[in-house]
Every structure is written in C-alpha cells, then in structure tokens.
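Undergrad: Quick one: the structure is below, questions incoming.
The values are calculated or read from the model by the stated rules, or taken from the named source; none is laboratory data. Quantities reported herein were computed from a predicted structural model and do not represent experimental measurements. Neighbour counts run over all protein chains shown; Cβ positions are idealised from the backbone, glycine included.
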Amino acid sequence: MPFTKKDSHIKSRFRRNLSYCFRKTVIMGLLAMGPIGCMSVSGNSSDSRPIPTQAPIPTARWAEEDLEFRNGCLDPLNGDSPDNEAEKRLMDILTNIEEKGGAAGKALIDFIREQKDLRFTLEDMAEGLHGYYDPELETVNLDKSNTDAELTATLIHELVHVYQNKSGAHNRTAIEKDIHYAMAMELTSEAGAEAIAVRIAHEMKQNGAAEIWDAYQANFPDYADMGVAYQDSYDEDIKTKSHEEAAQFATEMAYEQYFQAQWRLDYYNLKTMTQVIRLYAESDSTTAYTDRDQTDAEAQKMATLPGGISFSRHTDALDNDEIFGFGNNALILRFVADAFEAQRKGQNTETNAETLDKFGLFAGVDFKAAMSDILDEEKAPNIVVALVMQAQAQGIRDKLLARQAEKMMEKLHEEITLEPLIIRGTPAADDDTGHRHGPTPRRPPPQKSR
C-alpha cells in the first residue's frame with residue numbers, strides 16, 4: 001500500500017488492512033461500489049435542473065483510525081508539489097485525461113479537482129481486480145502493478161462513479177428497501193460509467209494517446225465488446241456527421257451494448273442482491289419496505305457528466321425483463337428477488353401453498369439466517385447457495401422435487417459464482433458456463449435512429 005512510512009501510523013494501518021480483508025473476503029467484497037450502497041440521490045428525481053456540486057464532507061464524519069488511514073493515502077488533487085512518485089504518477093494521469101479526453105474528460109477532471117476530500121491509493125490487488133471506489137472513506141483505490149495506460153482506463157471508470165455518488169444519482173435509502181430498484185440502479189450505474197470510460201478513452205486516442213484505447217481493448221476483455229460497438233458506430237457516423245454527433249451516438253451504442261452480455265446481468269444482479277439482503281439481515285426492523293421503480297430521470301442521471309455531457313436521450317428506466325434478461329441464472333435470480341420482496345411484504349411463508357407454488361425453492365426461506373451462512377465462504381460462496389441451504393434445512397426442498405430442485409442444487413455452484421464484488425474487475429467464468437458469452441441477448445442489438 002502506498003502509505004507514508006511513519007511509525008505512528010503502523011497500528012492504524014494494520015487495523016485498516018484487517019478491516020479491508022474482512023470486507024473483501026468475509027462479506028465477499030461488498031465494499032466496492034458501493035454503487036448500490038453508497039450513492040445518494042437528489043430529492044426530486046423528475047427535476048431536470050442541473051445538479052449542484054456537493055460541498056466537501058466535513059472531516060468529522062470519519063473516526064480517528066479512518067482519518068489516520070486517509071492521512072497515509074495519496075492526495076494528488078491538493079497542492080502542486082507531490083511528495084512522492086506515486087502522487088506524481090496520478091497527477092500526470094489526471095492531467096492527461098483532462099488534456100486529451102475531449103470535453104467529457106475535461107469536465108470530469110474539473111469536477112474531480114473540486115473534491116478536496118477525495119484520496120487515492122496505489123496498492124497490490126487480487127488478480128482481476130483493477131480498482132474500486134470506496135465512498136465511505138472517500139478513496140479511489142487502484143492496482144499499482146497496472147501500466148499507466150491501464151490505470152488511466154480504470155481511473156476514468158472509477159471517477160465517473162465518484163461523480164454519480166456526488167451528484168446525487170443514487171439513493172441509498174431507497175435501494176435498501178427495494179431489490180428490483182437496486183438492481184436497475186446498479187446496472188445503469190455500471191453501464192453509464194463504462195460507456196463514458198469508453199468515450200473518453202476514444203477521445204484520448206483521437207488526441208494522440210492511442211495507448212489508452214489499446215490498453216482498454218486488450219486488458220479489459222469483458223468490456224471490449226463495448227469498445228467495438230463504440231468504434232463501429234463512430235466510424236460509420238463520422239462520414240457524414242460532426243465529431244460530437246458521432247461521439248454522442250457511439251456512446252449510446254456502447255451503453256446499450258453493456259446489456260447484451262447475459263453474464264454481466266447475472267454477475268451484477270447477484271452482487272446487488274447480496275448487498276440488499278445483507279443490509280436487510282443487519283437491520284433491526286424487518287418491516288421497512290418501499291415499492292420503488294427506477295424512473296427515466298434517474299437512469300438519465302447515470303448517463304450524465306458535469307457540463308451536461310450526456311447520452312441520456314435514449315437512456316430509459318429498466319423494467320424487470322430488461323434487468324434480469326434470460327437463461328437459467330436469470331430465472332433463479334428472479335425467483336429470489338420476487339420471494340425476498342414478497343416475504344418483506346408478509347406475503348411469503350413456507351406453509352402457504354400458493355406462495356410455495358409461486359416462488360418454489362425460495363418460498364419462506366429465512367433470508368436473515370441465510371446471511372449467516374454466507375459469512376463462511378466455503379460453506380456458502382454466494383447468497384443463492386446460502387438460500388438453497390436454508391430451504392433444505394427448513395424441509396422446503398423435499399416439497400419441490402417436481403420443480404427439479406435436485407437439478408438446481410447440482411447446478412448452483414457451477415452456474416452462479418460470486419466473484420469479489422468490485423466496481424471494476426474481470427469476473428472469472430468459464431466460456432462454457434453461459435455467463436460471459438451466452439447465446440441469448442437481453443434484446444436484439446440496438447437499432448436507433450441517428
């Protein structure tokens with residue numbers, strides 16, 4: 001970790017490292033975006049006025065050990081004289097994005113420079129994990145082993161998440177109370193951040209920094225299809241349209257491409273589901289519930305950067321079919337989400353024949369008890385496996401052989417895997433599992449009027 005080597009910080013850093021290990025392994029990496037658990041939303045989601053910049057958060061919000069940790073982080077945003085090579089490295093990358101990332105890159109970095117409390121780390125990370133934004137500690141954490149080009153591609157994505165968080169594009173309270181809403185917000189958040197990252201990387205290519213685009217395509221294969229969609233659209237439109245018009249539509253195409261990979265929907269839905277159920281399991285009250293659908297305005301805020309730079313003309317709220325997509329994993333996750341919300345509404349019990357028939361294996365499952373199983377990584381590697389274990393313990397499984405519960409049990413471990421839950425990484429999945437390159441897209445490839 002890139003901390004200053006002051007003896008007074010050693011104990012604090014050790015405690016923080018333990019905390020990070022707990023949050024990454026025991027809670028399966030749910031610190032990451034926090035996108036679902038760490039964003040705040042402006043009061044009126046239908047308000048089309050520009051979102052004001054959020055004032056810096058007072059340092060009083062952090063506990064003493066958090067402040068000590070932050071004091072050891074990098075601070076490339078404040079001051080012109082970096083005190084070490086790591087800070088200089090980040091300063092140079094930020095400047096490069098600002099100067100060569102087009103209007104979108106400049107607007108993003110201008111906004112980030114206003115966030116005086118934001119800190120950074122360069123540290124060794126697990127394989128496949130390139131970086132994440134921790135909104136609780138106001139830190140962007142990056143893998144120091146990456147090249148500058150790789151760091152740039154990751155940093156752009158994470159800084160968009162910072163903007164989404166600070167601009168009020170997410171509502172943590174609402175997310176805690178409706179699992180379908182949380183999934184829609186998570187997916188549009190990730191799709192928006194990645195699409196904007198593709199756009200800025202392409203702008204940098206146009207402005208003489210082709211290595212950023214090349215690094216994006218070569219080192220983030222799980223998202224390379226978005227780059228291809230962007231490039232194909234841009235190359236077609238630039239023949240007859242201006243650069244800005246071509247870039248606008250190409251970003252829309254990259255955004256839509258995000259949803260064409262079924263594995264991405266499965267992966268992030270499982271991540272979000274685990275986070276929401278964890279919050280539910282940790283709460284004192286089991287009755288708090290709010291029916292909440294994502295609005296078009298909320299989806300559009302995810303696709304907007306400072307200065308009104310956006311591709312929100314075609315960014316609509318996701319309905320449930322668009323959230324889950326198709327395939328066996330999607331069906332299982334849909335059952336879990338519906339059963340969870342029904343239980344919270346008091347409509348789902350293990351003795352009610354109607355709900356048992358409707359929700360199958362997940363009817364009446366004790367969601368709070370299931371979360372205790374997920375703390376044991378080997379016992380229950382993800383929330384779906386934990387729920388199946390609870391169903392089996394409650395005797396529900398034996399009532400559902402007609403629903404092929406046995407087959408579901410056999411397939412769960414190989415078809416639904418929970419990787420470290422991070423904002424930006426490379427989820428591991430074999431090509432033959434159907435996660436990455438499933439043959440059935442969410443919907444036909446986008447065909448929108450230019």
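Undergrad: Residue check: is PHE367 aromatic (Phe, Trp, Tyr) and either touching a Gly at 6+ places or on another chain (Cβ under 6 Å) or modelled with pLDDT under 80 (or both)? Working first, answer last.
TA: Numbers: aromatic (Phe, Trp, Tyr): yes; either touching a Gly at 6+ places or on another chain (Cβ under 6 Å) or modelled with pLDDT under 80 (or both): no.
Judged against the criteria, PHE367 is not a match.
Undergrad: If GLY208 satisfies every condition in (1) under 16 Å from the mean Cα position of the chain (by Cα); (2) of a type outside the set (A, V, I, L, M, F, W, C); (3) not in a helix (DSSP H, G or I) but one, which is the exception?
TA: (1)
Undergrad: Of everything in the stretch 297-308, what is assigned to a helix (DSSP H, G or I) and either surrounded by 23 or more Cβ atoms within 10 Å (Cβ to Cβ) or free of Cβ contacts under 8 Å to residues at least 60 places away in the same chain (or both)? Give them in sequence order.
TA: Correct list: GLU298, ALA299, GLN300, LYS301, MET302.
Undergrad: Does ALA201 satisfy being surrounded by fewer than 24 Cβ atoms within 10 Å (Cβ to Cβ) and of a type in the set (A, V, I, L, M)?
TA: Values: surrounded by fewer than 24 Cβ atoms within 10 Å (Cβ to Cβ): no; of a type in the set (A, V, I, L, M): yes.
It is false that ALA201 is surrounded by fewer than 24 Cβ atoms within 10 Å (Cβ to Cβ) and of a type in the set (A, V, I, L, M).
Undergrad: Also: Taking the stretch 135-163, which residues are under 14 Å from the mean Cα position of the chain (by Cα) and modelled with pLDDT under 90?
TA: PRO135 - this is the single residue of the stretch 135-163 that is under 14 Å from the mean Cα position of the chain (by Cα) and modelled with pLDDT under 90.
Undergrad: Give me the pairs, please: first residue somewhere in the stretch 220-231 and charged (D, E, K, R), second residue anywhere and part of a helix (DSSP H, G or I), beta-carbon distance under 6 Å, and either six or more positions apart or on two chains.
TA: Qualifying pairs under 6 Å: ASP225/GLN257.
Undergrad: Shifting gears a bit: Quickly run through the stretch 145-159 and pick out the residues that are polar (S, T, N, Q) and either in contact with a Pro (Cβ under 8 Å, 6 or more places away or on another chain) or surrounded by 23 or more Cβ atoms within 10 Å (Cβ to Cβ) (or both).
TA: THR152, THR154
Undergrad: Return the only residue of ALA229, ALA250, ALA246 being touching a Ser or Thr at 6+ places or on another chain (Cβ under 6 Å) and assigned to a helix (DSSP H, G or I).
TA: One residue alone meets the criteria, ALA250.
Undergrad: Determine the pairs where a residue that is closer than 17 Å to TRP263 by Cβ, located within the stretch 309-337, has a partner that is part of a loop (DSSP other than H, G, I, E, B) and among the small types (Gly, Ala, Ser) with Cβ atoms under 6 Å apart, the partner being 6 or more residues away or on another chain.
TA: GLY327/GLY438
Undergrad: Do you know which residues across the stretch 245-296 are surrounded by fewer than 21 Cβ atoms within 10 Å (Cβ to Cβ), of a type in the set (A, V, I, L, M, F, W, C) and under 24 Å from LEU331 (Cα atoms)?
TA: Matches in the stretch 245-296: PHE259, TRP263, LEU279, ALA281.
Undergrad: Under 7 Å between Cβ atoms, which residue pairs at least 6 apart in sequence (or on different chains) link something in the stretch 360-376 that is in a loop (DSSP other than H, G, I, E, B) with a partner that is of a type in the set (Gly, Ala, Ser)?
TA: If the second residue must be of a type in the set (Gly, Ala, Ser), the pairs left are ALA363/ALA339; VAL365/ALA339; VAL365/ALA391.
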